[in-house]
Amino acid sequence: MRRIVWTLFSLTALTTMGVRAAGQTAAPAPRNAPQAQARPKAATQGTPAKPQEARIPKPAVPPLSPAEIAARQKKMDDLLVRWEASSKKVTQLDVHMTRIDRSENWPAEWYDGRAILKAPHFAMIDFRAIEIDPATKKPVKGPDGKAKSKAHQKVICDGSNVWEYKDETKQIFIFPLGKEQKEKALLEGPLPFLFNMRAAEATKRYKMTWKEEKNDATIIEIVPRLDIDRDSFSRALVRLNNTTLMPDAMILYDPNGNDWQEYSLDDVRPNAKINDDNFKGVMLAGWKVEKNSPTKPGAATPATAPASADPASRQPSARRAPANPPKTR
């Protein structure tokens, strides 16, 4: 459950931190499955890519001088002050994103996503698997010019429970959240940086390093200090827009050393009007339900959703079409 909750909210807290530094080579990132399992196959992928037999060594980077380290730290401290002041003004957020799951051992998997967030404990993230052409390794476009996709996964936090819907297997996982878990949930990811980000607490939880400035954006490296975060990601790179102090890209590196996730964020709408029905988890007809007991962590009791459940209620509000189709790099 920790990985699920972290993904839900850290797509959000690290969302306020964005990163995909131009010209930087990506490396590993976290998985969003509710339990440890083999990497799921994505839409229309080819055969697994062969692992690299050898890597070209990178030129040695000279160590920074004490003066350079101090200068970077001051820049980071000054940015955190501005970032904190700006994030306090954001109480809800609606953002479109493109996610690419990459691995040294598997073909890339593409997802079109939308996140809707509201302080203090509400969130919804919906991902659609994008069809990939095995030959070009790029998204397949339909007659309308948009990338073809199908429902893949939706995660909802209603303030008391985390609901995960897995379309491929028609399963619903429900994780009740106690008072302490609610508070932790908002700390397990990007929300602390999107909503009322507190610099002092952020620096206790993460080692945050100013790396460079490019095209009116600051590249920040984030390394977790706590085990709860290290279980989900080993490092993150975020590209923060210097004007809006909102992220427009990020990379999350997985602790396994082989996988990573790239996020491109666009159509970011701070304090946008939000339909609260988006935060309501509902049962769906014919879907298998597994609910974790709040008194017995990890225990799940399979059940079947009542036949009267209306599948259409899964998306209570009209889904906003992505502002731009996924970029084919």
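The values are calculated or read from the model by the stated rules, or taken from the named source; none is laboratory data. What you are looking at is a predicted structure, and each value in this text was computed from that prediction instead of being measured. Reconstructed Cβ throughout: ideal geometry from the backbone, glycine too, with neighbour counts over all protein chains shown. Remember, those area values only see protein heavy atoms, side chains included, never the ligands or the DNA or RNA. Shrake-Rupley method; radii C 1.70, N 1.55, O 1.52, S 1.80 Å.
So the values come out like this:
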{"quantity": "Pairs of lysines in region 88-151 (C-alpha under 13 Å apart; 8 or more residues apart or interchain)", "calculated": "5"}
{"quantity": "Loop trypsin sites (Lys or Arg not before Pro), region 54-148, which have at most 10 other Cβ atoms in a 10 Å radius of their Cβ (DSSP)", "calculated": "ARG55"}
{"quantity": "Difference of contour (0.36 nm per residue) and Cα-Cα distance, ASP266 to LYS280", "calculated": "2.6 nm"}
{"quantity": "Per-residue SASA entry for SER149, accessible area with 1.4 Å probe, Å² rounded to 10", "calculated": "50"}
{"quantity": "Heavy atoms of GLU213: accessible area, 1.4 Å probe, square angstrom to 10", "calculated": "110"}
{"quantity": "Cut-off under 5 Å, modelled amide H: who pairs with VAL289 long-range", "calculated": "ILE172, ALA303, THR304, ALA305"}
{"quantity": "Potential lengthening between GLU68 and THR91 on full extension [0.36 nm per residue; Cα-Cα distance subtracted]", "calculated": "4.7 nm"}
{"quantity": "Charge tally in the Cβ shell below 13 Å around VAL81, where Lys, Arg are +1 and Asp, Glu are -1, VAL81 excluded", "calculated": "+2"}
{"quantity": "Hz values of 3J(HN,Hα) by residue in region 214-224 - Karplus curve (6.51, -1.76, 1.60), Gly and Pro given as x", "calculated": "9, 6, 6, 9, 10, 8, 10, 9, 10, 10, x"}
{"quantity": "Listed residue pairs exceeding 25 Å between alpha carbons, taken from LYS75/LYS204; LYS154/LYS288; LYS75/LYS273; LYS166/LYS207", "calculated": "LYS75/LYS273; LYS166/LYS207"}
{"quantity": "Placed amide H near LEU177: partners under 5 Å, 5+ positions off or other chain", "calculated": "ASN161, VAL162"}
{"quantity": "Per-residue HN-Hα couplings for region 124-135 [Karplus 6.51, -1.76, 1.60; θ = phi - 60°; Hz; x = Gly/Pro]", "calculated": "9, 10, 10, 10, 10, 6, 8, 6, 10, 6, x, 7"}
